[in-house]
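In what follows, a single structure is set out as structure tokens and then discussed.
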Amino acid sequence: MKEDKTDCIFCRIIERKLEASIVYEDETVIAIMDLQPVNPGHVLVIPKEHIPYIDHSHDDAGAYMFKIGIKINEALKKSSIPCEGVNYLLADGEAAGQEVFHAHLHVFPRFKADGFGFRFSEKYYAPTERTELDRLASEIKKQIV
Ligand SMILES: [Zn+2]
């Protein structure tokens, strides 16, 4: 797991040491085209600060990434790129599919029969008992600060 800024691909893009196709940039974030898109028009919104994971200490960065993600969404829908819907995806941690350990928000167009989908485990389809849902809610609630 790489959390070091020096060999971070996104920091190198932000510093203009690697090329990227820039969609949007301000003092807080940069938005670039994903080199390996789920669908054409796949954009990554990346905070300029090297933040490996989104957490409470970076909630302003997280909120701002989504704010710019919504702008990208609106732009995609107005563009000529096929886009019937938009997915937002933020993988936080290796087990969640994070591959670059500099937080980033995926914003990508969806259209019917585009071949992309989520794969759910068989357990997903089994409704959970209320007592278990309440137990899990309580477990999470007591950790919210
Ligand atoms: Zn970085």
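For this structure, a couple of remarks:
- Restricting the range 60-84 to residues that are surrounded by 17 or more Cβ atoms within 10 Å (Cβ to Cβ), among the small types (Gly, Ala, Ser) and away from the ligand (no atom under 16 Å from the Cβ), the residue that is nearest to ASP34 (Cα to Cα): GLY69
- Some residue of the range 85-95 being within 16 Å of the ligand (Cβ to nearest atom), surrounded by 11 or more Cβ atoms within 10 Å (Cβ to Cβ), under 14 Å from ASP34 (Cβ atoms) and aliphatic (A, V, I, L, M): yes
- Matching residues, the range 96-110, being exposed (fewer than 15 other Cβ atoms within 10 Å of the Cβ) and away from the ligand (no atom under 14 Å from the Cβ): ALA96, GLY97
- Among the residues making up the range 111-133, none is surrounded by 11 or more Cβ atoms within 10 Å (Cβ to Cβ), part of a helix (DSSP H, G or I) and not hydrophobic (A, V, I, L, M, F, W, C).
- Residue that is out of contact with any Gly (no Cβ under 7 Å at 6 or more places or on another chain) and within 16 Å of the ligand (Cβ to nearest atom), where the choices are VAL45, VAL29, VAL38: VAL29
- Test result for PHE10, within 14 Å of the ligand (Cβ to nearest atom) and under 30 Å from ILE144 (Cβ atoms): yes
- Against the list (1) within 16 Å of the ligand (Cβ to nearest atom); (2) surrounded by 17 or more Cβ atoms within 10 Å (Cβ to Cβ), the condition GLU15 fails is (2).
FYI, it's all coordinate maths here, none of it is from the lab. Please read these numbers as outputs of a predicted model, since none were measured by experiment. So basically every Cβ, Gly included, is an ideal-geometry build from the backbone, and we count neighbours across all protein chains shown.
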